[in-house]
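Below is one structure; the comments refer to it alone.
The values are calculated or read from the model by the stated rules, or taken from the named source; none is laboratory data. Nothing here was measured: the structure is a model prediction, and the numbers come from that model. Glycine also receives a Cβ, built like all others from the backbone with ideal geometry; neighbour counts cover every protein chain displayed. Heavy atoms of the whole protein, side chains included, go into the accessibility calculation; ligands, DNA and RNA do not. Shrake-Rupley method; radii C 1.70, N 1.55, O 1.52, S 1.80 Å.
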Amino acid sequence: MRMTRRDFAILAGGTMLASPACAQAAGPLIARPIPSSGERLPAVGLGTAGVFDTPDPATEQKAAAVLAALVGDGGSLIDTASTYGDAEIVLGDVMAQGSLRGRIFIATKLESPDETELKRSLSRLKTAKIDLLQLHNVDDPQQSLSQFKDWKAQGICRYTGITSTSHGAFAAVEAVLGREKPDFVQIDYSLDDREAEKRILPLASEVKAGVLTALPFGRGRLFRAVHGKTVPDWAQSFAGSWAQFFLKFLLADPRVTAVIPGTADATHMTDNLGAMHGELPDAEQRRRMIAFVESL
Ligand SMILES: NC(=O)c1ccc[n+]([C@@H]2O[C@H](COP(=O)([O-])OP(=O)(O)OC[C@H]3O[C@@H](n4cnc5c(N)ncnc54)[C@H](OP(=O)(O)O)[C@@H]3O)[C@@H](O)[C@H]2O)c1
């Protein structure tokens with residue numbers, strides 16, 4: 001089943017109607033400047049690892065609802081990869097059917113600086129240009145971004161980046177980040193996994209790289225840790241849900257450009273987007289959040 005623009009609009013409307021209970025109070029949304037350009041990026045995006053792997057009608061329907069929620073609430077960033085099953089195909093189809101390409105900041109990842117892989121991603125995403133092209137899972141300090149920089153100079157991508165979620169590879173990430181100075185680094189950072197604060201975030205600041213936080217919920221680990229508990233009273237002024245509690249902890253660090261929680265559920269997408277509104281925790285509240293999670 002292919003979705004028409006009308007189907008998409010209906011789905012988008014339904015998603016928005018279902019959403020206010022989850023979202024924080026409306027207001028200006030948090031958008032952060034990309035350090036290398038000053039372009040502002042809405043601070044909550046969407047991760048797509050393992051959620052849109054199969055390009056079948058049921059997956060495309062779910063993806064359409066999630067994307068409708070994302071753009072409907074002012075978001076734009078989607079993170080995917082050439083290796084996330086057929087997620088690029090699903091996203092390309094849904095963006096085309098909803099005429100959404102112009103409203104999405106698309107970040108994808110290649111396994112290597114390989115032109116065939118790049119052309120495959122462009123074709124699957126149905127786009128002539130990638131917003132952010134990342135080298136996936138950097139694990140060698142000698143890895144070069146020169147081909148990615150050439151592609152940026154040719155206008156094939158607007159920004160370059162590197163990614164890793166392996167602490168064992170952090171030394172390689174530091175070496176490549178410091179030498180190649182990409183526009184972005186994507187790293188795992190969550191309330192219960194703060195290793196990136198020690199070396200990656202300070203270096204990202206120094207080289208003026210934006211930071212995307214992969215695994216902001218620790219692949220769902222944080223939700224399992226608070227299962228059956230409610231958000232504490234002292235956090236309810238800034239977090240209307242656990243998702244917002246976890247995401248706002250990260251967004252309260254000004255070095256974080258955007259968080260990219262993964263979801264195939266439009267209601268969860270809307271909940272996550274609520275973290276772009278309202279107050280962020282201050283330093284004392286952040287310490288309390290850490291102590292709370294460590295006490296679980
Ligand atoms: N090396 C790399 O470059 C790398 C590695 C890993 C991840 N990443 C990127 O980081 C993104 C995020 O990582 P992830 O998706 O693995 O893990 P995650 O974002 O830490 O957690 C995802 C889990 O949280 C659940 N969830 C999301 N929103 C929720 C909400 N509001 N309430 C309750 N549950 C919620 C999801 O379930 P539902 O689907 O039911 O919502 C899913 O089980 C990836 O999708 C990918 O784009 C990059």
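Figures for the structure shown
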item	result
Some residue of region 276-287 being over 30 Å from Pro55 (Cα atoms), touching a strand residue (DSSP E or B) at 6+ places or on another chain (Cβ under 9 Å) and part of a loop (DSSP other than H, G, I, E, B)	no
Filtered residues of region 254-273 (kept if more than 6 Å from the ligand (Cβ to nearest atom) and open to solvent by 10 Å² or more (accessible area, probe 1.4 Å))	Pro254, Arg255, Ala266, Thr267
Ser37, sole failed condition from (1) farther than 24 Å from Gly278 by Cβ; (2) in contact with a helix residue (DSSP H, G or I) (Cβ under 7 Å, 6 or more places away or on another chain); (3) away from the ligand (no atom under 14 Å from the Cβ)	(2)
Subset of region 102-114 (residues that are within 15 Å of the ligand (Cβ to nearest atom) and surrounded by fewer than 17 Cβ atoms within 10 Å (Cβ to Cβ))	Glu111, Ser112
Qualifying residue in region 209-216 (condition: touching a helix residue (DSSP H, G or I) at 6+ places or on another chain (Cβ under 7 Å), closer than 19 Å to Asp79 by Cα and more than 11 Å from the ligand (Cβ to nearest atom))	yes
Qualifying residues in region 40-80 (those that are away from the ligand (no atom under 14 Å from the Cβ) and assigned to a strand (DSSP E or B)) - the one surrounded by the fewest Cβ atoms within 10 Å (Cβ to Cβ)	Arg40
Selection status of Thr83, hydroxyl-bearing (Ser, Thr, Tyr) and more than 15 Å from the ligand (Cβ to nearest atom)	no
Options Ser99, Ser36; residue that is in contact with a Lys or Arg (Cβ under 8 Å, 6 or more places away or on another chain), modelled with pLDDT of 95 or more and surrounded by 15 or more Cβ atoms within 10 Å (Cβ to Cβ)	Ser36
Residue check for Leu247: near the ligand (Cβ under 8 Å from one of its atoms) and aliphatic (A, V, I, L, M)	no
The one condition in (1) touching a residue at least 24 places away in the same chain (Cβ under 8 Å); (2) under 24 Å from Leu70 (Cβ atoms) that Phe223 fails to fulfil	(1)
